[in-house]
Amino acid sequence: MSNHLFDALARHAPDRSRPLIDLADGTRVSYGETFDLVARLASHLIRAGVQPGDRVAVQVEKSWQNLALYLACVRAGAVFLPLNTAYQLAELDYFFGDAQPSFVVARPETVEDVRKLCAARGKNIVESLGTNGDGTLLKAVANAPVLPVVDRSPDDLAAILYTSGTTGRSKGAMLTHENLRSNAEVLTDCWRFSGKDVLLHALPIFHTHGLFVACDVILLAGASMIFLPRFEADQFMSLMPKATSVMAVPTFYVRLLDHPGLTREATKHMRLFTSGSAPLLAETHRAFSERTGHAILERYGMTETNMNTSNPYDGDRIPGTVGFPLPGVEVRVADPETGRVLPQGEVGVLEVRGPNVFPGYWRMPEKTKAEFRADGFFITGDVSKIDERGYVHIVGRAKDLVITGGYNVYPKEVETELDAIDGVQESAVIGVPHPDFGEGVTAVVVRERGASLTEADIISALSERLAKFKQPKRVFFVEELPRNTMGKVQKNVLRETYAQIYDRGAA
Ligand code: AMP
């Protein structure tokens with residue numbers, strides 16, 4: 001009798017008084033308290049008719065009870081389906097139609113609307129969960145007698161996470177017990193998490209980073225976390241003295257660098273800062289090292305694969321790289337068209353294989369087939385290269401590649417040159433339809449405060465640094481780049497904004 005993932009995540013539950021979560025208001029939640037709630041929630045799900053393999057869709061704010069609900073789904077053999085709190089009803093309708101959840105948990109504020117949506121679809125059970133333990137769900141489980149842990153094997157599904165779907169329909173990435181367990185074990189080990197760690201946790205928990213990378217690792221290690229609803233630099237810095245480690249998206253580091261409290265002294269006691277989910281600029285890495293003496297450990301992964309590569313714990317953490325493949329994970333760089341594996345140093349699409357890689361997209365066998373090679377490697381869609389020391393470099397997304405006059409331009413190469421210009425804070429390079437070139441290389445730039453750069457200054461600064469076909473045909477200035485909650489620049493939004501600029505007759 002075993003439940004592959006749950007047995008691992010609950011390994012420290014018997015140590016009841018061990019702290020698991022500290023909230024900003026000083027409340028402490030122990031392993032015992034959490035796993036008691038997990039057992040009652042899981043039993044409630046089973047009694048409500050949730051069968052092993054059924055989906056439980058959850059769109060609620062971050063709270064320790066929300067984490068308990070994830071663990072309860074795993075315990076009950078259900079498939080946890082967390083949804084970004086930003087999704088609107090029309091989007092929920094798509095997810096519910098696709099995933100067919102048999103149990104739904106919504107926020108108290110939206111539960112009535114969600115209930116109507118589900119009623120139109122038939123038999124779902126909808127409960128609510130707020131941030132202070134309010135809502136109908138916890139009342140319903142208050143005295144639920146506890147049922148046994150449901151058996152699950154390594155290949156059974158534990159979760160479905162919908163990819164952000166910047167193009168086309170959002171796809172449900174199916175994650176098995178072994179995908180999640182193997183990755184969390186490897187990360188715990190590689191990053192040396194132990195029961196002494198306290199993680200400052202300000203990421204959302206509807207995403208792979210905040211949920212599987214952060215929470216699963218903490219649970220496996222028997223460590224604890226300070227659970228913050230969102231990132232806010234003042235609060236983050238004020239709680240840092242109580243922490244040993246941080247897992248963050250690059251924007252957190254950019255904001256921390258703007259905070260006067262970020263000093264060598266304030267971070268002296270810290271063991272580890274990691275970054276992922278979006279590229280960390282080499283410049284941010286260096287600035288952080290100079291200010292604090294800590295080299296940020298950058299790692300790379302995606303919803304479909306969990307984590308693939310990581311800079312070393314011991315050894316050089318090289319700015320602008322995502323390190324080496326994690327133990328058990330194989331990576332290679334291939335020609336995107338033919339799938340031919342490319343020699344070391346060449347740029348192509350990164351492919352990965354390992355126990356971390358998902359079995360496919362929910363009810364999309366064709367899409368799944370198209371994204372795997374015959375030998376089981378998953379085609380990540382990330383353009384990359386592996387350098388002579390074996391470090392992986394992510395150059396950008398394949399779909400962000402610009403093809404202009406028949407030439408390929410990798411946005412990252414142009415962005416690196418742009419960012420090196422005095423007065424440029426950051427930039428994004430996109431391809432926009434162009435009547436003569438197919439696509440025109442277009443730069444969107446954020447200037448440093450007080451800088452008075454013009455479009456002509458930028459074009460002239462690049463003229464001797466990049467081949468003519470790589471140089472932006474137009475440069476636009478913005479106050480900030482559009483980013484999603486994980487800090488990824490939304491190039492699709494930029495492409496839409498600037499879609500018409502090269503139309504014949506456009507100024
Ligand atoms: P998601 O599925 O939302 O986690 O997004 C995964 C994508 O984020 C990857 O395919 C990469 O394009 C990007 N990504 C994640 N980590 C990194 C990193 N360290 N550097 C560059 N891109 C990254």
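The numbers here are math on the coordinates, done by the rules we state, and not lab data. Values in this document were obtained by computation on a predicted structure and should not be read as measured data. Cβ: placed from backbone, ideal geometry, glycine included. Neighbour counts: every protein chain shown.
The C-alpha atoms of the chain occupy a region whose extents along the principal axes are 73, 53, 44 Å, arranged from largest to smallest. For the range 79-227, the share of DSSP beta bridges that are antiparallel, to the nearest 5, is 35%. Here the Karplus curve 6.51 cos²θ - 1.76 cosθ + 1.60, taken at θ = phi - 60°, turns the phi angles of the range 117-122 into couplings of 4, 6, 4, 5, 9, x Hz, with x standing for Gly and Pro. Amide H contacts under 5 Å for Gly440: Val432, His434, restricted to partners 5 or more places along the chain or on a different chain, H placed in the peptide plane at 1.01 Å from N. Annotation: amide H of Ala248 within the under-5 Å range of Thr274, Ser275, Gly276, sequence separation 5 or more or interchain, hydrogens built in the peptide plane.
What does the C-alpha gyration tensor say about the overall shape of the range 128-237? Classify as rounded when a/c is under 1.5, otherwise prolate if a/b is larger than b/c, or oblate.
rounded
In straight-distance terms, cross-link reach from Lys242 covers every one of the aspartates and glutamates whose alpha-carbon lies under 19 Å from its own, apart from those fewer than eight places away in the same chain; here that gives Asp22, Asp25, Asp197, Glu232, Asp234, Glu265.
Quick check on my link table: of Lys412/Lys468; Lys399/Lys468; Lys171/Lys385; Lys367/Lys399, which ones sit more than 25 Å apart, alpha carbon to alpha carbon? Distance filter (> 25 Å) returns Lys171/Lys385.
Ordered by packing density, taken as the mean number of other Cβ atoms within 10 Å over each peptide's residues, highest first, how do 19-31, 324-336, 93-105 rank? Provide the component values of the computation, followed by the final result.
Working: 19-31: 15.6, 324-336: 18.0, 93-105: 20.1.
Answer by packing, highest mean first, reads 93-105, 324-336, 19-31.
Between the listed residues Ala86, Gly406, Phe273, the Cα displaced farthest toward the positive end of the dipole of the chain, a dipole computed from Cβ unit charges relative to the Cα centre, is found at Ala86.
Remark: Val493, Val395 ranked as Val493, Val395, counting other beta-carbon atoms within 10 Å and listing the fewest first.
Given in Å, the Rg to one decimal and the Dmax to the nearest whole number for the Cα atoms of the range 366-429 are 15.3, 48.
Share of pairwise Cα-Cα distances greater than 16 Å in the range 394-439 is 41 percent (whole percent).
Using θ = phi - 60° in the Karplus curve 6.51 cos²θ - 1.76 cosθ + 1.60, the 3J(HN,Hα) couplings for the range 309-317 round to 9, 8, 5, x, 6, 9, x, 6, 9 Hz; x is entered for Gly and Pro.
Using the eigenvalues of the Cα gyration tensor, what equivalent ellipsoid semi-axes result for the range 411-507 when each is taken as the square root of five times the eigenvalue, whole Å, largest first? Mind showing how you got there, number by number?
Values: eigenvalues 76, 62, 31 Å².
Ellipsoid half-lengths, sorted descending, are 20, 18, 12 Å.
Sorted on the mean count of surrounding Cβ atoms within 10 Å across their residues, most packed first, peptides 142-149, 435-442, 356-363 read 356-363, 435-442, 142-149. Kindly identify the range 435-485 as rounded, prolate or oblate by the Cα gyration tensor criterion: order the square roots of the eigenvalues as a ≥ b ≥ c, call it rounded if a/c is under 1.5, otherwise compare a/b with b/c, prolate if a/b is larger, else oblate. In terms of gyration-tensor shape, oblate.
I need the peptides 448-454, 182-188 ranked by packing, meaning the mean over residues of other C-beta atoms within 10 angstrom, with the highest value on top. List each step's numbers first, then the result.
Values: 448-454: 10.7, 182-188: 23.4.
Ranking, from highest mean packing down: 182-188, 448-454.
Coupling constants for the range 89-99 follow from the phi torsions by the Karplus curve (6.51 cos²θ - 1.76 cosθ + 1.60, θ = phi - 60°), and in residue order they are 4, 4, 6, 4, 4, 5, 5, 5, x, 6, 8 Hz; glycine and proline get x.
With a ≥ b ≥ c the root eigenvalues of the C-alpha gyration tensor of the range 10-119, is it rounded (a/c under 1.5), prolate (a/b larger than b/c) or oblate? Let's see the in-between values first.
On the way: a/c = 2.67, a/b = 1.55, b/c = 1.72.
Note, shape of the range 10-119 comes out oblate.
Can you say what percent of the DSSP beta bridges in the chain, counting only those with both residues inside, are antiparallel? Round to 5. The partial results should precede the final answer.
Working: 47 of 80 bridges.
Around 60 percent of the beta bridges assigned by DSSP in the chain are antiparallel ones.
When shorter helices are ignored and each DSSP H run of at least 4 residues is given -39500 (n - 2.57), the per-residue value for the chain at 222 nm works out to -7500 deg cm²/dmol.
One quarter of the convex hull surface built on the alpha carbon atoms of the range 269-326 amounts to 4.0 nm², the projected area averaged over directions.
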